[in-house]
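Colleague: Below are the structure tokens for one structure; questions will follow.
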Amino acid sequence: MHVWIKFQNNKKIISVISIELSKKSITGRSGTNEFGETLGKYDSPERAEDIFNEICEFIAKGEEKVFNMPIK
């Protein structure tokens, strides 16, 4: 299942096929970019993990909507 995610800077939306948490950032990979793109960067690893978990919950609901990356 592809999930649409709006970047933290609100300038781009991509359909991601995988999401990765790495310290203070979250990266999403689409079918066209094997290395992924940074969806958002946060002040702490804990905040990044919170957002990552929110994305996981969003995916689990199976809704066909866009997840907006929080600014902070």
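Colleague: Here's a check for you: in the range 34-72, which residue that is surrounded by 12 or more Cβ atoms within 10 Å (Cβ to Cβ) and among the polar types (S, T, N, Q) is farthest from residue 6 (Cα to Cα)?
Modeller: My answer is 38.
Colleague: Which of the residues spanning the range 26-44 are among the polar types (S, T, N, Q) and closer than 12 Å to residue 15 by Cβ?
Modeller: Of everything in the range 26-44, those that are among the polar types (S, T, N, Q) and closer than 12 Å to residue 15 by Cβ turn out to be 30, 32, 33.
Colleague: Return the only residue of 30, 44 being at pLDDT 95 or above and of a type in the set (S, T, N, Q).
Modeller: Selected residue: 44, the only one of 30, 44 that is at pLDDT 95 or above and of a type in the set (S, T, N, Q).
Colleague: Just give me the residues in the range 29-71 being out of contact with any strand residue (DSSP E or B) (no Cβ under 9 Å at 6 or more places or on another chain) and among the small types (Gly, Ala, Ser), in sequence order.
Modeller: Correct list: 44, 60, 62.
Colleague: Quick check on my filter: what residues within the range 13-44 are closer than 20 Å to residue 57 by Cα and part of a loop (DSSP other than H, G, I, E, B)?
Modeller: 17, 23, 24, 30, 42
Colleague: If you don't mind, another one. Take residue 71 and tell me if it is of a type in the set (A, V, I, L, M), touching a helix residue (DSSP H, G or I) at 6+ places or on another chain (Cβ under 7 Å), more than 14 Å from residue 15 (Cα to Cα) and in contact (Cβ under 8 Å) with a residue 12 or more places away in the chain.
Modeller: Judged against the criteria, residue 71 is not a match.
Colleague: For a quick check of your reading of the model, give me the residue pairs whose first member lies in the range 53-64 and is among the aliphatic types (A, V, I, L, M), whose second is surrounded by fewer than 10 Cβ atoms within 10 Å (Cβ to Cβ), with beta-carbon atoms closer than 9 Å and at least 6 apart or on different chains.
Modeller: 59/1
The values are calculated or read from the model by the stated rules, or taken from the named source; none is laboratory data. These numbers come from a predicted model, not from an experiment. Cβ: placed from backbone, ideal geometry, glycine included. Neighbour counts: every protein chain shown.
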